[in-house]
Amino acid sequence: MLSGPSEARRRGIGLVFQHFSLFDNLTVAENVALGLDGRESFKDMSARLEQVSKIYGLPLDPRREVWQLSVGERQRIEIVRALMQDPKFLILDEPTAVLTPQEADQLFIVLERLKAEGRAILYISHKLEEVKRLCDTATILRGGRKVATCNPRLETAASLARMMVGGEIREVKAASSRKTTVPRLVVNDLSLAPSEAHGVRLEHISFELKGGEILGIAGVAGNGQDELFAALSGERLAKDPGTVVIEGIAAGHLSITQRRRLGAAFVPEERLGHGTAPRMKLSENALLTGHAASGMVHRGFIDTAATLKTVDRATETFDVRKAKRDPEAASLSGGNLQKFIVGREILRNPAVLVVSQPTWGVDAGAAAVIRQALLDLATAGAAVLVTSQDLDELAEIADRIAVMFHGKLSAPLATSEASREKLGLLMGGSSLEPKEAAHAVGA
Amino acid sequence: MQLVLEKRAERSGTIALVSPLLAIGLTIVTMVILFAILGKNPLLALHAYFIAPLTDGYSLQEIAVKATPLVMIAIGLSLCYLANAWNIGAEGQFLIGAVAGSWIAVRTQGTDAGAWVLPAMLVLAAAAGALYALIPAICKVKFGASEILTSLMLVYVADLFLDYLVRGPWRDPHGFNFPTTAEFDPVATVPLLIEGGRLHLGSIIALLVVAAAAILLARTIKGFEIRVVGAAPRAARFGGFNANQLIILTFAVSGALAGLAGIIEVAGPVGHLQPGISPGYGFTAIIVAFLGRLNPVGILIAGLFLALTFIGGEQAQIAMKIPLDVTKVFQGILLFYVLACDSLILYRFKLVSSNRQVPRGAG
């Protein structure tokens, strides 16, 4: 057993986290220095940093501050920091979750090279195609237990998925004839200054979403998706009411509660702490968003039976597994909690559903249930806006896909025309800012 | 083997009830040691503290009288604390309420004012307490000033203001220069429940406040709002609840209750305005609020228990010459143990084996 991270480093284990452990206000070199034992001078270290990054085709300027860098560049810092210690064993946790397809391809080239140099790589991912492409052996975990070890190249994506879920995954089926109706969510030239330092400014965002339609918003994390969600939900208000129109009513100045009363529903990315209060019961979390418009409150008094009924209905309709009837939100697994949250909103029969990362960190079985629910909701006539970093997910459920880059939204493409290459270029900002594209994608 | 704290999947309801009792038990053990160090017989001291006051009717009434302001203030504080607003200045709001209510009593003294005097005093005291509590609340919301500091500092302002009034403009001309107002007229006095006893109407008001808070927190959307803003601020904003409005509201309510407690104390057991009307009720109420698990019924029980320590402390001082400061030591130790035991609600102790295996083949 290891005594701590420093012993792991000493023994030659390098680690690249899914969530970057970087200080935004420090430079690249300073961040790297923090992860080393500090035996060499800062100047020598910076020189070696430039050298290592050049050798592996991971260009980095040691003097730039982290907050100025793209997500792909930030990941390069993490990888270079690990490589600086000349690790024998490198662990990567979901490294492509935040990359464009082109950036992911670049990463795979680097990983192949590290493998050829005789380093062992542990690659943690739920993206089965990547595992098949990259890995020599795969160990499959389910619910904290080892289920199988196999050669992924001899398996199909479907057989791997079966092992992951422990059963057949429901095929997600879109209704063959979805009719689009009137515009239910319209965004007109929405611009919003960032609310915090290093936040993203939303610039001139416009789109129209009709009933019966699913619009996907792709993009690398941190390009303004969170800010757009806050502006659409009313957690942040716009100055001009006409910038957000819900069901034909100018709502840019309305609170989240008033927007819910207009028929809008929202599912944020963070399940615990944003979508739910972790240490409160599910019935109370049903009340959290249901108090506005679902008949759970009469003259200021809570109708406990009505909140419990919502829990029961969500449990039944979306197969939420839990230990008792009304447990605390934090005691549910990620997938089950997400099914509850999506269920809680869909059971309100919303006219507009804005959902962010609907299946982030969710097991494949729950993901299929959630995607099907979004499709069914659209079929029933609602307008659905899905923000996701998972292009496969958007390809599966969205009718049109737009890409968010640096706070701007591209014109939506029909899903049939939106190839991974096209989306990847937009995610790198190519058609919006040609100069940036070469920098971000061509590295 | 090694003892570690491990996070529980779900908060333990049993421990939430047991934790205050455990804290009281640990406090008593500590007190026994303290008594022994002081050279007093611990058993006799414990008897004087906890048993003797329960054996005669006068002491029982006195416990209820002492518990009345503690419970009223603690209920208000619990609403603040549940909403993550840290009102530490209830003592000041208590004093300002007492001053504001006394103003009517002083101005109507010796006139033939009618039965409106006492209700007017109660209303004015509550309003003054609320306004006084709004100062730190507004500073917090507008300027981000720490409400812990500002509310605490305003305690001393209120204390000295009261001191000035009873030594200056409001001093009883026939009071031999003592810093006190004249005794209040009967219309400006809180009526007693038992003729010739000590128990007064304020205790009934305190019980009504407990009931109202219990209903508010368990059954109403406002109560839910208070709980969710404190427990998960971001989720609360997503739910459409405004944390800043709630800071203002909970401070105002807790200030009003503290102010009301202040005037009831002055117009009830004390009977006139003077310095030292509070033996630190506003601060002891913080202990009451936490010992009662920020739960209205729990606060009622905790308030009675701490009132017992006040009365018991007096008895121990008279009977055994134990300094009255020991009571404050007792209350401080109790708060310490309550907060410590609370970690067991979310965590549990676990024994893990600490013999490390040497990894094979690595490094």
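Just so you know, all these numbers are worked out from the coordinates, no wet-lab data involved. Bear in mind that the values here come from a model prediction, so they are computed numbers and not experimental data. For neighbour counting, all protein chains shown are included, and Cβ atoms are generated from backbone atoms with ideal geometry for every residue, glycine included.
Under a Gaussian network description of chain B, with springs only between Cα atoms under 10 Å, the residue in B:Pro169, B:Pro269, B:Pro69 that fluctuates furthest is B:Pro169.
Rounded to the nearest 20, the size of the Cβ-charge dipole of chain A about its Cα centre is 1000 debye, with Lys and Arg at +1 and Asp and Glu at -1.
Is region A:2-41 best put as rounded, prolate or oblate by its Cα gyration tensor, with a ≥ b ≥ c the root eigenvalues, rounded for a/c under 1.5, and otherwise prolate when a/b is larger than b/c, oblate when not?
Values: a/c = 2.69, a/b = 1.31, b/c = 2.05.
Note, shape of region A:2-41 comes out oblate.
Give me the net charge for the shell around B:Gly313: Cβ to Cβ below 15 angstrom, other residues only, Lys and Arg +1, Asp and Glu -1. Let's see the in-between values first.
Numbers: positive: B:Lys40, B:Lys66, B:Lys321, B:Lys328; negative: B:Glu62, B:Glu314, B:Asp325.
Once all neighbours under 15 Å are counted, the net charge is +1.
Counting only other chain Cβ atoms within 10 Å of each residue's Cβ, the peptide A:55-65 averages 0. Put a dot 7 Å past the Cα of A:Asp240, heading toward its Cβ, do the same for A:Ser21, and the two dots end up 4.6 nm apart.
Considering only alpha-carbon pairs that sit under 8 angstrom and 6 or more positions apart, the relative contact order computed for region A:5-124 is 36 percent.
Here each label is just a point 7 Å from Cα along the line to Cβ, and for A:Phe108 and A:Thr181 those points are 4.3 nm apart.
Tell me the net charge near B:Ser59. Cut-off is 12 Å between Cβ atoms, B:Ser59 excluded, with +1 for each Lys or Arg and -1 for each Asp or Glu.
Numbers: positive: B:Lys66, B:Arg198; negative: B:Asp56, B:Glu62, B:Glu314.
Result for the neighbourhood of B:Ser59: -1.
If you run the Gaussian network model on chain B, springs between alpha carbon atoms under 10 Å, then out of B:Thr220, B:Thr27, B:Thr181 the most flexible one is B:Thr220.
Partner lysines whose Cα lies under 22 Å from the Cα of A:Lys324, excluding those fewer than 8 positions away in the same chain, are identified as A:Lys281, A:Lys309, A:Lys339, B:Lys7.
Expressed as an acute angle from 0 to 90° and rounded to the nearest 10, what is the orientation of the C-alpha long axis of helix B:325-346 relative to the principal long axis of chain B? Tilt relative to chain B: about 40 degrees. Farthest towards the positive end of the charge dipole of the protein assembly as shown, among the residues A:Leu228, B:Leu54, B:Ile311, is the Cα of B:Leu54, using unit charges on the Cβ of Lys, Arg, Asp and Glu.
Taking the centroid of alpha carbons for each part, region A:3-22 and region A:383-431 are 34 Å apart. With a Förster radius of 56 Å applied to the C-beta separation of B:Leu346 and B:Tyr156, the computed FRET efficiency comes to 0.95. Here's how it looks for A:Arg184: its modeled amide H is under 5 Å from those of A:Leu209, A:Lys210, A:Gly211, which are all 5 or more places away or on a different chain. Projecting the Cα atoms of B:Ile215, A:Ile121, B:Leu246 onto the dipole axis of the protein assembly as shown, where Lys and Arg carry +1 and Asp and Glu carry -1 at the beta carbon, places A:Ile121 farthest toward the positive end.
Using 0.36 nm per residue of separation minus the Cα-Cα distance, give me the extension gain between A:Arg11 and A:Ala116 in nm, one decimal.
Working: separation 105, 0.36 × 105 = 37.80 nm, distance 2.04 nm.
Full-extension gain reported as 35.8 nm.
What average count of beta carbons from other chains do you get within 10 Å of the Cβ of residues in A:207-220?
Numbers: counts 0, 0, 0, 0, 0, 0, 0, 0, 0, 0, 0, 0, 0, 0.
Taking all residues of A:207-220 together, the mean is 0.
Here each label is just a point 7 Å from Cα along the line to Cβ, and for B:Val4 and B:Lys328 those points are 4.2 nm apart. Charge dipole of region A:5-124 (Cα centre as origin; +1 on each Lys and Arg Cβ, -1 on each Asp and Glu Cβ, all else neutral): 380 debye, rounded to the nearest 20. Sequence-ordered 3J(HN,Hα) estimates for region A:406-414 from the Karplus curve with 6.51, -1.76 and 1.60 and θ = phi - 60° stand at 6, x, 10, 10, 6, 5, x, 9, 5 Hz, glycine and proline given as x.
Sequence-ordered 3J(HN,Hα) estimates for region A:11-24 from the Karplus curve with 6.51, -1.76 and 1.60 and θ = phi - 60° stand at 7, x, 9, x, 9, 10, 7, 5, 9, 4, 10, 10, 9, 4 Hz, glycine and proline given as x.
Packing-based ranking of A:228-234, A:53-59 yields A:228-234, A:53-59, ordered from highest to lowest mean Cβ neighbour count within 10 Å. Exposed loop sites, defined as trypsin sites (Lys or Arg not before Pro) outside DSSP H, G, I, E and B with at most 10 other Cβ atoms within 10 Å, are absent from the longest region of chain B, namely B:1-320. Summarising the amide proton neighbourhood of A:Val297: residues at separation of 5 or more, or on other chains, whose placed amide H is nearer than 5 Å comprise A:Asp303. What FRET efficiency comes out for the pair A:Glu421/B:Thr55, r = Cβ-Cβ distance, R0 = 56 Å, nearest 0.05? Using R0 = 56 Å, I get an efficiency of 0.05. Seen against the Cα atoms of chain B and their longest principal axis, helix B:117-143 is set at about 40 degrees.
Note on chain B: GNM, Cα springs under 10 Å; of B:Ala130, B:Ala83, B:Ala232, the largest mean-square fluctuation is that of B:Ala232.
Provide a whole-number value for the mean count of partner chain Cβ atoms within 10 Å of the Cβ atoms in peptide A:263-274.
On the way: counts 0, 0, 0, 1, 1, 3, 0, 3, 0, 3, 6, 5.
What the average comes to for A:263-274 is 2.
Placing +1 at every Lys and Arg Cβ and -1 at every Asp and Glu Cβ, with all other atoms neutral, what dipole size does region A:235-316 have around its Cα centre, in debye to the nearest 20?
180
From the alpha carbon centroid of region A:97-129 to that of region B:114-169 is 64 Å.
Apply 1/(1 + (r/R0)^6) to the Cβ-Cβ distance of A:Arg325 and A:Ile249, taking R0 = 35 Å, and write down the FRET efficiency to the nearest 0.05.
Numbers: r = 38 Å, r/R0 = 1.08.
Efficiency computed from Cβ-Cβ geometry: 0.40.
Could you grab the relative contact order for chain B? Cα pairs under 8 Å, six or more apart, rounded to a whole percent. Relative contact order here is 36 percent.
The shape of chain B comes out oblate: with a ≥ b ≥ c from the C-alpha gyration tensor, a/c is at least 1.5 while a/b does not beat b/c. Backbone phi angles across region A:292-300, fed through the Karplus curve with coefficients 6.51, -1.76 and 1.60 (θ = phi - 60°), yield HN-Hα couplings of 6, 8, 10, x, 8, 10, 10, 6, x Hz in residue order; Gly and Pro are listed as x.
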